[in-house]
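Worksheet: the structure to be examined is printed underneath.
Please treat every number below as a calculation from the coordinates, not as lab data. Small disclaimer: the values here were computed from a predicted structure and weren't measured. As a convention, Cβ positions derive from the backbone with ideal geometry for all residues, glycine included, and neighbour counts pool all protein chains shown.
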Amino acid sequence: MLYFGALGVYGNRGVGSRIFTTKTFGRFCRKAAISDGTLTSAVEEIEQGLIDADLGGGVLKKRIARAGSGKSGGYRTLLAFRSGTRTVFIFGFAKSAMDNISSSQLASLKDAAEVYLALTDDQVEEALRIGALREVEYGEEENDEEADGAEDE
């Protein structure tokens with residue numbers, strides 16, 4: 001279930017280029033050990049045009065590598081994206097657990113993206129305050145430094 005109904009408001013875009021996760025996506029990240037650094041890197045790739053699929057309505061699919069393996073056996077993330085404005089990671093799943101999302105799930109994701117991308121600054125701050133959104137920490141390094149060193153050997 002997507003968690004955006006508690007926000008209860010629609011508004012104008014514009015908080016600058018910020019990255020967020022929903023409460024549900026945050027739980028997925030904790031279970032999958034996906035760091036803020038990994039999410040930040042994914043958004044940087046998207047900004048460079050490296051996306052896996054544009055599903056319409058502001059929803060993009062982006063693959064994220066599983067620790068110790070490549071992107072092909074990793075995770076799929078679905079996110080609301082507007083360049084230079086904000087990114088909200090909404091849904092994630094392991095490729096091994098699910099091939100694709102259903103058309104009804106995609107419709108719900110598009111509805112959520114419309115809401116998240118239209119929030120005003122004040123609405124975003126309220127969503128953060130009540131825990132519906134969490135802002136990704138840009139300064140957090142990926143927990144891959146040791147893995148990166150191992151890959152280089």
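Quick notes on this one:
- Once the Cβ-Cβ distance of Ser83 and Tyr138 is raised to the sixth power relative to R0 = 22 Å, the FRET efficiency obtained is 0.85.
- Val136 long-range amide H proximity, modeled H, under 5 Å: Ile19, Phe20, Thr21
- HN-Hα J in Hz across segment 93-103 - Karplus 6.51, -1.76, 1.60, θ = phi - 60°, x for Gly and Pro: 7, 7, 4, 5, 8, 7, 6, 8, 8, 7, 5
- Fewest-first ranking of Tyr75, Tyr116, using other Cβ atoms within 10 Å as the exposure measure: Tyr75, Tyr116
- Counted residue by residue at 0.36 nm each, then reduced by the alpha carbon distance between them, the extension gain from Ile130 to Gln48 reaches 26.3 nm.
- Pair Arg18, Thr120: separation of 7 Å Cα→Cβ label points (nm): 1.4 nm
- Using θ = phi - 60° and Karplus 6.51 cos²θ - 1.76 cosθ + 1.60, couplings along segment 78-91 (whole Hz; Gly, Pro as x): 10, 9, 8, 9, 9, 3, x, 10, 6, 10, 10, 6, 9, 9
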